[in-house]
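The values are calculated or read from the model by the stated rules, or taken from the named source; none is laboratory data. Keep in mind it's a predicted model, so treat the numbers as computed, not measured. Glycine also receives a Cβ, built like all others from the backbone with ideal geometry; neighbour counts cover every protein chain displayed.
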């Protein structure tokens, strides 16, 4: 047995056993180098023995006799020593799915038009909407400051393969990306990243490193010494250069990119592997000519192959392999100049078409699967050039077409010396934008001449937003670019604490003092969530980052199991009842079986469209699609057909019900609904302003509603004009309701013809009070509004998690109490009376009680099935039994005397029969006598027939 083994209680990617790995070059013990203070183990731990005096280093330098795998860095087995390590990992799964995020740069330097992500949670919805509008000059995005055309949306995601580390195949087009890609100029994939090294001839320490991201940007990283890591705040990632001269790029959210030398390009490193913080990975394999030909995970459950044209080397198709089977996921078609013109999915449906400008070589048109097409005209600006001295082209005109009909049109006029852009849209609406030296928008005026101003720091982080009414939002950040405080115009601040190494939150403190806390395990998964009341939810994870279970604040446990792909195959609820899921060999959902052992099965197309849904009783719902993949027909289990018609935007323009009646939807050129026409040809009509907000509404009886807005987008007035009345010769007067708001959009008052209602806010309460308008107008006339006497007042008080705990008015106080899961357990009424509620599990009602002073009365008790549906209710002297069929429909309701035998005639016995369409076709009722031996009683039958509409 080796004598150089050690024990280590820290988490490591490398598995035990661990050994002493380093020792003296000159001194040996048992023919092995002697280990001293500071020498390392195979997991990178260091020997540390406190010495009373200064350290004396004997035995010369150190020699490594075993491979050292970092105990701090889960990927150091491949990379060797990385100084600084990776600490505990990155953000939790919840965080990565779009929970609380720091405000990163809204847009980076020239060409980076992909990063426009701002967190609504932290920033405020009004600011988010304004910033988004400011940076995109048209809705089919053109970046305002650079004039660049960008595609990076859902329509350009060709497929997604589920897995522990999912493969998302998205095409990214950026007109300022001058690089040639497998799809042509300007295109890139998320894995199209690489590093280049500028050899200065002065050694490795003086090389200039560049990172080429998926948008085509060439980011200067500066000089990175061997064994050094550098964090780039404006980009939000860290670059490691190992002592073995290997490179790792780490995102703030816990994704990693590993690079290897490219044998076909000197001083270039290509992507070899991408992984998450649990070392779930995708591997990239290259052919002898250097082209990427395969992407696979560790178990080859995700295994795709890239197929190229032998002459042009353009990507022709991508196939997925499962054992000996193969299927095509996407196919690409090119024109004679080898420019991408068509994308075809796994169902052989064309999902995208493209057209190109011959002079600039840039995208002149892209067409959606539905047929609507977006067009662009380019202009060359010779006085301003981008990287590599390429001429600068900007979009100067955009129009949207539905076949030959123009739907939208925008002209873009730039003043590059002043850094401004003016757009003129269909109908003459004008917008204006101004940007700073970093291409960050600092001024935006919308079509209603309302202006927002923005301020940014040197790292391109938003620090201030000023609304058209002068309201200000402020933001501060830590040294890593994480948002630490946001302050709204009412001077309410929300504060955030972050992990010291990675961009995930550890605490959020709201303006009312409520604080949420998150704790993480060493892998970066959420271990505990602590709410503002101190209630704790615990989560457990496996080594792949899959949640194995959670225990709520009441101790209820929910457990999960997964297949090798990381797909959920079983969930056991707090009562131990399982729900199971199965999948086909390609990972598509095949069946779902609930806790009652009732199974629903599914079939999907190759591209993932739901085709059939077979219900537990054997009936089936079917779904039909047109050539573009849009849902156009539904056939339910009762063979009723619903037909849908769509326009080229994909909007439903008509719906035919099973009886053959049509419901029509009419849209304007902007895609806004103008009219809804019912089966009788009667219409609801709608109108909009230049910001596409609803301004007018006309209903079937002639009633009209008109909406007005303030500069912040809040509704300030609703004017309702009644329709003509045959019994009243004179037209009825309009009803006007007006609204007022504070600077953060909270309602302050509401006025109609009768009353003025006011809303007063405190950190944990809101008070409503009202006064007749006659009294209010008199107080306004005399200047005594501060002393007006309100007739009614009602105060709602909340706890720190937002639960209503008190309602106070002149009629008395009502107080509410909750358990740790937020289920209401007691409602106290005036005069020492109360309703009380008992639950089991995570919140299923088990008993309702009435308390009158010291007297307690049980109102009802409940029993439930494995789906937690009510099956028995004891109320007073009656037991009420409820039964269900496999589709969840009630089949019987039987009321008996409490604890009576099943063979005793029920007090009431109701039976129900249903057809395949979920329509009740028979209801039978029997009224019996208590205490008698069960005999067939007299039944009353009610039968129902329906027209095709279900009437």
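Please verify whether residue 848 is surrounded by 15 or more Cβ atoms within 10 Å (Cβ to Cβ) and either in contact with a strand residue (DSSP E or B) (Cβ under 8 Å, 6 or more places away or on another chain) or under 30 Å from residue 828 (Cβ atoms) (or both), treating the condition exactly as stated.
yes
Can you tell me how many residues within the stretch 640-687 are in contact (Cβ under 8 Å) with a residue 60 or more places away in the chain and in a loop (DSSP other than H, G, I, E, B)?
Total meeting the criteria: 13.
Hey, can you tell me all the residues within the stretch 806-828 that are under 18 Å from residue 842 (Cβ atoms) and either assigned to a loop (DSSP other than H, G, I, E, B) or touching a residue at least 24 places away in the same chain (Cβ under 8 Å) (or both)?
Listed by number, the residues that qualify are 819, 820, 821, 822, 823.
Which strands (runs of 3 or more DSSP E) sit wholly inside the stretch 152-202 and have at least 2 residues that are more than 30 Å from residue 543 (Cα to Cα)?
Fully inside the stretch 152-202 and qualifying: 172-174, 194-198.
May I ask you to list the residues in the stretch 234-269 that are without any contact (Cβ under 8 Å) to a residue 24 or more places away in the chain and part of a loop (DSSP other than H, G, I, E, B)?
Within the stretch 234-269, 266 is the sole residue that qualifies.
I need the full set of residues from the stretch 317-345 which are over 24 Å from residue 587 (Cβ atoms), free of Cβ contacts under 8 Å to residues at least 40 places away in the same chain and touching a strand residue (DSSP E or B) at 6+ places or on another chain (Cβ under 8 Å), in order please.
333, 335, 337, 341, 342
How many residues are assigned to a loop (DSSP other than H, G, I, E, B) and buried (at least 16 other Cβ atoms within 10 Å of the Cβ) when one looks only at the stretch 830-841?
1
Mind listing just one residue for me: the one in the stretch 901-934 that is more than 27 Å from residue 886 (Cβ to Cβ) and part of a strand (DSSP E or B) and, of those, modelled with the lowest pLDDT?
933
Would you point out which residue out of 431, 458, 494 is part of a strand (DSSP E or B) and under 30 Å from residue 138 (Cα atoms)?
The conditions single out 431.
Taking the stretch 125-165 as the search range and keeping residues that are within 23 Å of residue 306 (Cα to Cα) and without any contact (Cβ under 8 Å) to a residue 40 or more places away in the chain, which one is surrounded by the most Cβ atoms within 10 Å (Cβ to Cβ)?
Filtering first and then ranking leaves 152.
Going through 153, 111 one at a time, which residue ends up being at negative phi and either more than 20 Å from the chain's Cα centre (by Cα) or at pLDDT below 95 (or both)?
Criteria check complete, one pass: 153.
Hey, residue 220 hits all of (1) touching a residue at least 12 places away in the same chain (Cβ under 8 Å); (2) surrounded by fewer than 18 Cβ atoms within 10 Å (Cβ to Cβ); (3) outside any strand (DSSP E or B) but one; which does it fall short on?
Unmet condition: (3).
Just need a number here: residues in the stretch 468-484 that are out of contact with any strand residue (DSSP E or B) (no Cβ under 6 Å at 6 or more places or on another chain), farther than 14 Å from residue 236 by Cα and buried (at least 18 other Cβ atoms within 10 Å of the Cβ).
1
Filter the stretch 406-436 down to the residues that are without any contact (Cβ under 8 Å) to a residue 12 or more places away in the chain and either loosely packed, with under 15 Cβ neighbours inside 10 Å or under 19 Å from residue 668 (Cβ atoms) (or both) and list them by number.
Listed by number, the residues that qualify are 415, 417, 428.
Checking the structure you have, find out if any residue of the stretch 341-349 is assigned to a loop (DSSP other than H, G, I, E, B) and at pLDDT below 95.
no
I'd like to know if the stretch 720-743 contains one or more residues that are on the phi > 0 side of the Ramachandran plot, part of a loop (DSSP other than H, G, I, E, B) and modelled with pLDDT under 95.
no
Please verify whether residue 593 is surrounded by fewer than 17 Cβ atoms within 10 Å (Cβ to Cβ), closer than 23 Å to residue 865 by Cα and without any contact (Cβ under 8 Å) to a residue 60 or more places away in the chain, treating the condition exactly as stated.
Criteria not met by residue 593.
Exactly one of (1) over 26 Å from residue 254 (Cα atoms); (2) surrounded by 17 or more Cβ atoms within 10 Å (Cβ to Cβ); (3) in contact (Cβ under 8 Å) with a residue 40 or more places away in the chain is unmet by residue 487. Its number?
Every listed condition holds for residue 487 apart from (3).
Listed residues 561, 538; which is under 26 Å from residue 801 (Cβ atoms), assigned to a strand (DSSP E or B) and at pLDDT 95 or above?
538
Take the stretch 282-316 and flag every residue that is free of Cβ contacts under 8 Å to residues at least 40 places away in the same chain and in a loop (DSSP other than H, G, I, E, B).
287, 288, 289, 290, 298, 300, 309, 310, 311, 312
Restricting to the stretch 834-867, what's the tally of residues that are without any contact (Cβ under 8 Å) to a residue 60 or more places away in the chain and farther than 17 Å from residue 818 by Cα?
Residues flagged as without any contact (Cβ under 8 Å) to a residue 60 or more places away in the chain and farther than 17 Å from residue 818 by Cα within the stretch 834-867 amount to 13.
What residue, of 282, 292, 306, is at pLDDT 95 or above and surrounded by 21 or more Cβ atoms within 10 Å (Cβ to Cβ)?
Going through 282, 292, 306 in turn, just one is at pLDDT 95 or above and surrounded by 21 or more Cβ atoms within 10 Å (Cβ to Cβ): 282.
So residue 279 ticks every box in (1) without any contact (Cβ under 8 Å) to a residue 60 or more places away in the chain; (2) assigned to a loop (DSSP other than H, G, I, E, B) but one. Which box is left unticked?
Condition not satisfied by residue 279: (1).
How do the pairs read when you match residues in the stretch 935-951 that are at pLDDT below 85 with residues anywhere that are surrounded by 10 or more Cβ atoms within 10 Å (Cβ to Cβ) and assigned to a strand (DSSP E or B), using Cβ under 8 Å and keeping only pairs 6 or more apart or on different chains?
Final answer for the pair search is 937/909; 937/926; 937/927; 938/926; 938/927.
From the set of residues in the stretch 627-639 that are more than 28 Å from the chain's Cα centre (by Cα) and in a loop (DSSP other than H, G, I, E, B), which is nearest to residue 342 (Cα to Cα)?
627
Look through 787, 806 and report the one residue that is over 29 Å from residue 734 (Cβ atoms) and touching a helix residue (DSSP H, G or I) at 6+ places or on another chain (Cβ under 8 Å).
None of the other options fit; the residue is 787.
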